[in-house]
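Below is one structure, written out as C-alpha cells; the observations come after it.
The values are calculated or read from the model by the stated rules, or taken from the named source; none is laboratory data. Worth saying up front: this structure is predicted, and the values here are computed from it rather than measured. Cβ placement follows ideal geometry from the backbone for every residue including glycine, while neighbour counts extend to all protein chains displayed. The accessibility values were calculated without ligands, DNA or RNA, using every heavy atom of the protein model including side chains. Shrake-Rupley method; radii C 1.70, N 1.55, O 1.52, S 1.80 Å.
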Amino acid sequence: MSERKARLSIDGKEGTIELPVYEGSTGPDVIDVRSLVNAGLFTYDPGFVSTAACDSDITYIDGDAGVLLHRGYPIEQLAEKSNFLEVCYLLLNGELPNASEADVFENEIRYHTMVDEQIHLFFKGFPRNAHPMAMLCGVVGALSAFYHDKLDIDNPEHRMQAAIRVIAKMPTLAAMCYKHGVGQPFMYPQNDMSLAENFIHMMFGTPCEPPKVNPIIAKAMDTLFLLHADHEQNASTSTVRLAGSTGSNPYACIASGIAALWGPAHGGANEAVLEMLYEIGDESRIEEFIVRAKDKDDPFRLMGFGHRVYKNYDPRATVIRGICKQVLDELGSDNDPLFRIARKLEKIALEDDYFIERKLFPNVDFYSGIILKAIGIPTSLFTVIFATGRTPGWIAHWHEMLSESYRIGRPRQLYKGHTKRDYPA
Ligand code: SDX
C-alpha cells in the first residue's frame, strides 16, 4: 500500500508540507510531524492530548469503548483468570508464561524480595510522620546506589535483572514505609508466601506472632496490583520513559515515575477520594459537593471521576467495585458508610448532565481506596499501593524503549517572552 500522506498548507506560507501517516494494529492513525522543524515549525500540544510520544506493543486503551488490553488480553479477563506476577511477565515478555516459565519467573522474584540491610538505615532518617510517597521516592532512588556500576542498560539481560529486582522489592519497600510510620519493626519477606500474601504479612505481621494472612484479602490485594500494572503513556510512565531516554539508572527512572504518580490528578487521587468521602461524611451532603464540583470558581473536583482517555467507564473501576463488595462482605463491613456514600455519589453523578456531557465516569481510583481502608491500610499509603502495582508497567516501558533505537526526549515550546533586549547602559 502506498505511503499515506497528510498535506499541510499554512496561510501566508508558500507550498504544502507532506507528512507521512502511519497506522497501528488498532487505534488512531498518527501523523509523523518530525520534519516540521525543517520548515521552521513546531506542533503545539500542552498536556499531550493529541500526541503519540512513541510506538509501543504493551498496552492499548480505547477510551470511548472503555477497553484496556495488555498485550491484547482484556483487563477484565486478566483480572478474572490471571494473577499479578503472570501479568508482570506478560508486560515484560509480550506473551503469557507457560507453567515452567511462570515457575522460573516466580522464583526469580521470590529470591529478590529482600533489600540490602543498608536500606533499613535510610528509613531512620525520615520523620515518623513523613508521607509514605516521600519515603518510597527516596528509597527507590537509593536503590540506584546499590545497582549501578555493573549495570549495562544496553544489555537486555541486565535490563531484565533490574526489572525483576524492582518488581520484587517494591512490596517490601512499601511495607517498610508503613512500618516506619507506625514504629514497628520491619518484617522480612517469607519465601513460602506469594507476593500479595507476603505484602500483607510484611504490612500487618509482627515478630511476636506467626504469620496469618486471610487468603481472600491476599487475592483481592493481588488483583488490585494487577489492575494497576500498566496504563499506556500516562503521566508517570511518560516520566519514566523521558528519564530513561537520557540513559539514567533504571531505579532512578522508577523513582521519577513515583514522583509523578504522587500528584492528586494522577495516582494521588485514590488518597484524595477517601479524603473527599470523609469530607462528604453523609449521603445527605452529596448534592452540595456535586454543585461544588461543577462550580468553575471552586477548585474542588470530584476525585476518582474523569480521565484524559476514558470517556466511558474505566474498565478497572468496574472490576474494583466488585472486589470492594467482596472484601467488605468478607470483613463484615458490607454496610460501610463510605461505600454507601460512594455508590450514591456514583449514581447521582452519572445522572447529572454536567458529568454526562463531559463523559466523566468513575476511574480506577474511585473504589480502590475503600478496599484499602477496609483492609486496614492507611489513606496516606494508598498511592504507595498504586506505585507497587504500576512498577511492572513502568519498567516494561523502560525496557521496551531501550530495546529499540530511541532518542533523548526533548520537547520544544511556543516562546512568548521578551525578544532580545540590551542590558541597560
Ligand atoms: C489516574 O492517564 C492515565 O492513564 C492515569 C491513570 C493510570 O492508570 O495511570 O488512569 C490513573 O491518574 C486516573 C485519574 C485520577 N485523577 C482523578 O480522579 C482526579 C480528578 N480527575 C480530574 O482531575 C481530571 O478528570 C483528570 C486529571 C483525570 C483528567 O483531566 P483532563 O483530561 O485534563 O480533563 P480536563 O481537566 O480538561 O476536564 C475536562 C472537563 C473540564 O470542564 P470544562 O472546562 O470542559 O467545563 O471536565 C471537567 C473539567 O473541569 N472535569 C471535572 C472532573 N474532571 C474533569 N469536573 C469535576 N470533577 C472532575 N473530577
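What residue, among those in segment 109-142 that are more than 23 Å from the chain's Cα centre (by Cα) and not in a loop (DSSP other than H, G, I, E, B), is nearest to S56 (Cα to Cα)?
Of everything passing the filter in segment 109-142, I119 is nearest to S56 (Cα to Cα).
Across segment 188-216, what is the total count of residues that are aliphatic (A, V, I, L, M) and buried (at least 21 other Cβ atoms within 10 Å of the Cβ)?
In the first step, residues of segment 188-216 are kept if they are aliphatic (A, V, I, L, M); the result is 193, 195-196, 200, 202-203, 213, 216.
This time we only want the ones that are buried (at least 21 other Cβ atoms within 10 Å of the Cβ), so: 195-196, 200, 202-203.
Looking only at that region, the number is 5.
Please go through (1) outside any loop (DSSP other than H, G, I, E, B); (2) closer than 21 Å to I385 by Cβ for I290 and return the number of the only condition it doesn't satisfy.
Failing condition for I290: (2).
Just give me the residues in segment 50-73 being more than 16 Å from the chain's Cα centre (by Cα) and under 13 Å from L96 (Cα atoms), in sequence order. Give the steps one after another, and end with the answer.
So in segment 50-73, the residues more than 16 Å from the chain's Cα centre (by Cα) come out as 50-57, 62-67, 71-73.
Once the filter is applied, which keeps residues that are more than 16 Å from the chain's Cα centre (by Cα) and under 13 Å from L96 (Cα atoms), segment 50-73 yields R71, G72, Y73.
Exactly one condition in (1) of a type outside the set (D, E, K, R); (2) farther than 30 Å from A243 by Cα; (3) open to solvent by 10 Å² or more (accessible area, probe 1.4 Å) is false for I280; which is it?
Only one criterion in (1) of a type outside the set (D, E, K, R); (2) farther than 30 Å from A243 by Cα; (3) open to solvent by 10 Å² or more (accessible area, probe 1.4 Å) is unmet by I280, namely (3).
For segment 368-381, does any single residue satisfy the condition of being open to solvent by less than 10 Å² (accessible area, probe 1.4 Å), part of a helix (DSSP H, G or I), under 21 Å from G141 (Cβ atoms) and more than 12 Å from the ligand (Cβ to nearest atom)?
To start, the set of residues in segment 368-381 that are open to solvent by less than 10 Å² (accessible area, probe 1.4 Å) comprises 368-372, 377, 381.
Narrowing the set further to residues that are part of a helix (DSSP H, G or I) leaves 368-372, 381.
Going one step further and asking which of them are under 21 Å from G141 (Cβ atoms), we end up with 381.
Okay, now just the ones that are also more than 12 Å from the ligand (Cβ to nearest atom), so 381.
Checked segment 368-381: at least one residue is open to solvent by less than 10 Å² (accessible area, probe 1.4 Å), part of a helix (DSSP H, G or I), under 21 Å from G141 (Cβ atoms) and more than 12 Å from the ligand (Cβ to nearest atom).
I'm checking my understanding of the structure. Among residues of segment 303-330 that are open to solvent by 10 Å² or more (accessible area, probe 1.4 Å) and touching a helix residue (DSSP H, G or I) at 6+ places or on another chain (Cβ under 7 Å), which one is farthest from the ligand (Cβ to nearest atom)?
Step one: of segment 303-330, the residues open to solvent by 10 Å² or more (accessible area, probe 1.4 Å) are 303, 305-309, 311-313, 318-319, 321-323, 325-326, 329-330.
Among the residues that remain, those that are also touching a helix residue (DSSP H, G or I) at 6+ places or on another chain (Cβ under 7 Å) are: 303, 305, 319, 321, 323, 326, 330.
Values: M303: 5, F305: 4, V319: 13, R321: 15, I323: 16, Q326: 22, E330: 26 Å.
Of everything passing the filter in segment 303-330, E330 is farthest from the ligand (Cβ to nearest atom).
Given the structure, is L338 away from the ligand (no atom under 15 Å from the Cβ) and either modelled with pLDDT under 90 or hydroxyl-bearing (S, T, Y) (or both)?
yes
Can you tell me which residue is nearest to the ligand (Cβ to nearest atom) among those in segment 45-66 that are more than 24 Å from Q413 (Cβ to Cβ) and open to solvent by less than 50 Å² (accessible area, probe 1.4 Å)?
Once the filter is applied, the top-ranked residue is I61.
Can you name the helices (runs of 4 or more DSSP H) wholly within segment 207-286 that have at least 1 residues being of a type in the set (A, V, I, L, M, F, W, C), modelled with pLDDT under 95 and within 9 Å of the ligand (Cβ to nearest atom)?
Values: elements: 215-227, 235-244, 250-261, 269-280.
Of the helices (runs of 4 or more DSSP H) lying wholly inside segment 207-286, those with at least 1 residues that are of a type in the set (A, V, I, L, M, F, W, C), modelled with pLDDT under 95 and within 9 Å of the ligand (Cβ to nearest atom) span 269-280.
Taking F122 as the residue in question, decide whether it is surrounded by fewer than 15 Cβ atoms within 10 Å (Cβ to Cβ) and closer than 16 Å to I254 by Cβ.
On the way: surrounded by fewer than 15 Cβ atoms within 10 Å (Cβ to Cβ): no; closer than 16 Å to I254 by Cβ: yes.
So F122 fails the test.
Say we look at segment 143-194 and pick out the residues that are assigned to a loop (DSSP other than H, G, I, E, B) and hydroxyl-bearing (S, T, Y); which of these is farthest from R128 (Cα to Cα)?
If we filter segment 143-194 for residues that are assigned to a loop (DSSP other than H, G, I, E, B), which is where we start, we get 147-155, 183-194.
If we keep only those that are hydroxyl-bearing (S, T, Y) as well, we get 147, 188, 194.
Numbers: Y147: 27, Y188: 20, S194: 29 Å.
Among those that are assigned to a loop (DSSP other than H, G, I, E, B) and hydroxyl-bearing (S, T, Y), it is S194.
Look at segment 125-169 and say how many of its residues are under 16 Å from K179 (Cβ atoms) and not hydrophobic (A, V, I, L, M, F, W, C).
First, pick out the residues of segment 125-169 that are under 16 Å from K179 (Cβ atoms): 125-136, 138-139, 169.
Keeping just the survivors that are not hydrophobic (A, V, I, L, M, F, W, C) gives 125, 127-129, 131-132, 138, 169.
Of the residues in segment 125-169, 8 are under 16 Å from K179 (Cβ atoms) and not hydrophobic (A, V, I, L, M, F, W, C).
Tell me which residues, restricted to segment 4-36, are aliphatic (A, V, I, L, M) and either assigned to a strand (DSSP E or B) or open to solvent by 80 Å² or more (accessible area, probe 1.4 Å) (or both). So that I can check it myself, show each step before the final result.
Narrowing segment 4-36 to residues aliphatic (A, V, I, L, M): 6, 8, 10, 17, 19, 21, 30-31, 33, 36.
Passing the criteria: A6, L8, I17, L19, V21, V30, I31.
Pick from Y406, Y423: which is surrounded by 10 or more Cβ atoms within 10 Å (Cβ to Cβ), more than 16 Å from the ligand (Cβ to nearest atom), over 30 Å from M203 (Cα atoms) and not small (G, A, S)? Spell out how you get there, then give the answer.
Working: Y423 fails: surrounded by 10 or more Cβ atoms within 10 Å (Cβ to Cβ).
Going through Y406, Y423 in turn, just one is surrounded by 10 or more Cβ atoms within 10 Å (Cβ to Cβ), more than 16 Å from the ligand (Cβ to nearest atom), over 30 Å from M203 (Cα atoms) and not small (G, A, S): Y406.
Evaluate the following for S333: is it away from the ligand (no atom under 12 Å from the Cβ), among the polar types (S, T, N, Q) and either free of Cβ contacts under 8 Å to residues at least 40 places away in the same chain or open to solvent by less than 40 Å² (accessible area, probe 1.4 Å) (or both)?
Details: away from the ligand (no atom under 12 Å from the Cβ): yes; among the polar types (S, T, N, Q): yes; either free of Cβ contacts under 8 Å to residues at least 40 places away in the same chain or open to solvent by less than 40 Å² (accessible area, probe 1.4 Å) (or both): yes.
For S333, the condition - away from the ligand (no atom under 12 Å from the Cβ), among the polar types (S, T, N, Q) and either free of Cβ contacts under 8 Å to residues at least 40 places away in the same chain or open to solvent by less than 40 Å² (accessible area, probe 1.4 Å) (or both) - is met.
Please specify each residue of segment 338-363 satisfying the condition of being touching a residue at least 24 places away in the same chain (Cβ under 8 Å), over 12 Å from E287 (Cα atoms) and open to solvent by less than 80 Å² (accessible area, probe 1.4 Å).
Of segment 338-363, the ones touching a residue at least 24 places away in the same chain (Cβ under 8 Å) are 338-342, 344-345, 348-349, 352, 354-355, 358-363.
From what is left, the residues that are over 12 Å from E287 (Cα atoms) are 338-340, 342, 354-355, 358-363.
Within segment 338-363, L338, F339, A342, Y354, F355, L360, F361, P362, N363 qualify.
Restricting the search to segment 83-97, which residues are open to solvent by less than 10 Å² (accessible area, probe 1.4 Å) and within 21 Å of M193 (Cα to Cα)?
Selection gives F84, V87, C88.
Considering only residues of segment 37-54 that are outside any loop (DSSP other than H, G, I, E, B) and of a type outside the set (V, I, T), which is farthest from A243 (Cα to Cα)?
Restricting attention to segment 37-54, the residues satisfying the condition of being outside any loop (DSSP other than H, G, I, E, B) are 37-39.
If we keep only those that are of a type outside the set (V, I, T) too, we end up with 38-39.
Numbers: N38: 26, A39: 28 Å.
Applying the filter and picking the extreme gives A39.
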